[in-house]
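The values are calculated or read from the model by the stated rules, or taken from the named source; none is laboratory data. Owing to the predicted nature of the structure, the values given are computational and were not obtained by experimental measurement. Note that we place each Cβ from the backbone using ideal geometry, even for glycine, and neighbour counts take in every protein chain shown.
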């Protein structure tokens with residue numbers, strides 16, 4: 001390993017620079033780092049501090065380059081390795097981040113701060129769905145420092161993400177025995193019981209949570225659902241939290257593991273409808289921007305709407321969307337002026353809404369004459385209620401319900417194609433890919449653009 005000075009005066013200068021970065025005195029910090037670098041070009045601590053300074057200045061490329069340089073200077077120094085893993089994770093570079101985190105976990109053996117290193121490595125792995133590695137490193141940290149509640153809680157969450165609900169509940173039971181009634185533990189156990197189809201146990205947890213916070217919309221929702229009621233939509237806070245937590249691993253999980261192909265298929269449809277790419281598109285529930293990636297550059301505008309800030313941050317990286325709005329899609333539709341878009345897409349998002357009446361009427365209103373609505377939904381058996389909330393907390397809809405809503409709203413040229421939306425636990429999820437057209441009021445009407453007045457009342461991201 002590269003050696004560097006631990007002289008007291010030198011270390012004091014490093015600590016001063018660290019304090020300057022923390023207090024946002026970045027020009028002073030930069031001067032100090034440059035002065036130290038002249039005589040200590042192989043000290044990884046200088047580059048780590050430089051990376052932190054770049055982060056404080058919102059210089060993401062500089063943050064990465066300096067973190068990489070610190071690791072190159074001291075490849076066997078665990079703090080530099082785990083720092084680089086964290087930076088790669090923040091950049092969304094999943095495979096690289098997990099690989100570097102694994103190296104940090106290996107270097108943690110025998111290190112003074114081994115528990116911290118293992119926990120940080122495990123957190124990176126968990127963020128990107130590498131649950132086997134995350135669980136192994138959380139377990140190693142727990143073996144070194146047994147009994148830490150936060151570590152055991154993270155182990156339980158990782159087990160839940162892996163589908164091992166029995167072991168997750170065992171850990172949560174033990175934590176609740178030590179901390180009776182603690183809200184995050186009860187909420188996690190409710191989720192585990194629900195996922196394991198243990199309805200009565202989930203109901204008990206929901207009742208306990210609702211008793212603690214009677215005005216909490218999420219707990220009221222769970223209580224109603226577990227009592228056999230059929231809510232019209234998921235609470236906004238629950239949907240946002242779900243996708244914020246899912247954002248880092250969304251693309252890899254959905255496309256690679258669940259064989260999700262709708263963005264590709266719908267992009268082909270849009271290119272067929274508008275081969276010149278002169279098209280304005282509203283992407284409802286845009287997520288990480290998979291539809292935008294498949295569409296590529298357009299001569300019109302591509303606007304993304306999503307409730308999750310973390311999803312939007314991922315979509316921003318692709319550089320194909322013109323703007324985003326972080327808002328509930330129902331509110332987005334209501335706030336958008338008439339006759340704005342050639343295409344409205346809603347892929348794998350209407351399964352979080354039961355009652356679709358306002359979606360169809362507002363979509364018709366804001367489409368240009370001749371414009372098209374394209375969306376997917378999970379399919380209920382005919383004879384079922386119009387919409388049903390399933391145990392996985394997604395809604396399914398009957399084909400008759402969807403078709404009747406479109407007809408009542410005023411759409412024509414309706415097609416409802418049975419498709420496999422994705423695979424879950426190796427089984428196909430049956431659904432519909434639906435397209436519908438707004439009748440042309442005036443033949444060859446010039447296209448207007450959403451750049452004129454689109455979504456003035458929305459919160460633009």
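For residue 90, indicate whether it is out of contact with any helix residue (DSSP H, G or I) (no Cβ under 6 Å at 6 or more places or on another chain) and under 27 Å from residue 26 (Cα atoms).
Judged against the criteria, residue 90 is a match.
Hey, any hits in region 258-278 for a residue that's over 22 Å from the mean Cα position of the chain (by Cα) and crowded, with 21+ Cβ neighbours inside 10 Å?
Checked region 258-278: at least one residue is over 22 Å from the mean Cα position of the chain (by Cα) and crowded, with 21+ Cβ neighbours inside 10 Å.
Hey, any hits in region 230-239 for a residue that's without any contact (Cβ under 8 Å) to a residue 12 or more places away in the chain, touching a helix residue (DSSP H, G or I) at 6+ places or on another chain (Cβ under 9 Å) and surrounded by fewer than 18 Cβ atoms within 10 Å (Cβ to Cβ)?
The answer is no; no qualifying residue exists.
Is it the case that some residue within region 329-339 is buried (at least 20 other Cβ atoms within 10 Å of the Cβ), under 17 Å from residue 235 (Cα atoms) and in contact (Cβ under 8 Å) with a residue 40 or more places away in the chain?
Yes, that holds for at least one residue.
Could you check, for region 46-54, whether at least one of its residues is surrounded by fewer than 14 Cβ atoms within 10 Å (Cβ to Cβ) and free of Cβ contacts under 8 Å to residues at least 40 places away in the same chain?
Within region 46-54, not a single residue is surrounded by fewer than 14 Cβ atoms within 10 Å (Cβ to Cβ) and free of Cβ contacts under 8 Å to residues at least 40 places away in the same chain.
Suppose the filter is part of a helix (DSSP H, G or I) and under 29 Å from residue 314 (Cβ atoms); does residue 82 pass it?
So residue 82 passes the test.
When region 1-41 is examined, which residues are found to be in contact (Cβ under 8 Å) with a residue 40 or more places away in the chain and surrounded by fewer than 12 Cβ atoms within 10 Å (Cβ to Cβ)?
Within region 1-41, just 1 meets the criteria.
This table checks each residue for (1) surrounded by 16 or more Cβ atoms within 10 Å (Cβ to Cβ); (2) farther than 25 Å from residue 93 by Cβ; (3) at pLDDT 95 or above.
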residue: 108; (1), (2), (3): yes, no, no
residue: 112; (1), (2), (3): no, yes, no
residue: 120; (1), (2), (3): yes, no, yes
residue: 129; (1), (2), (3): yes, no, no
residue: 134; (1), (2), (3): yes, no, yes
residue: 137; (1), (2), (3): yes, no, yes
residue: 146; (1), (2), (3): no, yes, no
residue: 151; (1), (2), (3): yes, yes, yes
residue: 155; (1), (2), (3): yes, yes, yes
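Are any of the residues in region 422-432 without any contact (Cβ under 8 Å) to a residue 40 or more places away in the chain and more than 25 Å from the chain's Cα centre (by Cα)?
Scanning region 422-432 turns up no residue that is without any contact (Cβ under 8 Å) to a residue 40 or more places away in the chain and more than 25 Å from the chain's Cα centre (by Cα).
Only residues that are part of a loop (DSSP other than H, G, I, E, B) and either crowded, with 23+ Cβ neighbours inside 10 Å or modelled with pLDDT under 90 (or both): list them for region 350-399, please.
356, 381, 382, 383, 384, 390, 391, 392, 393, 394, listed by residue number.
Which numbered condition trips up residue 71, out of (1) closer than 21 Å to residue 28 by Cα; (2) assigned to a helix (DSSP H, G or I)?
(1)
Assess whether residue 143 counts as being farther than 30 Å from residue 189 by Cβ, assigned to a helix (DSSP H, G or I) and without any contact (Cβ under 8 Å) to a residue 12 or more places away in the chain.
No: the conditions fail for residue 143.
Just to be sure, is residue 166 under 24 Å from the mean Cα position of the chain (by Cα) and more than 19 Å from residue 393 (Cβ to Cβ)?
So residue 166 does not fit the description; no.
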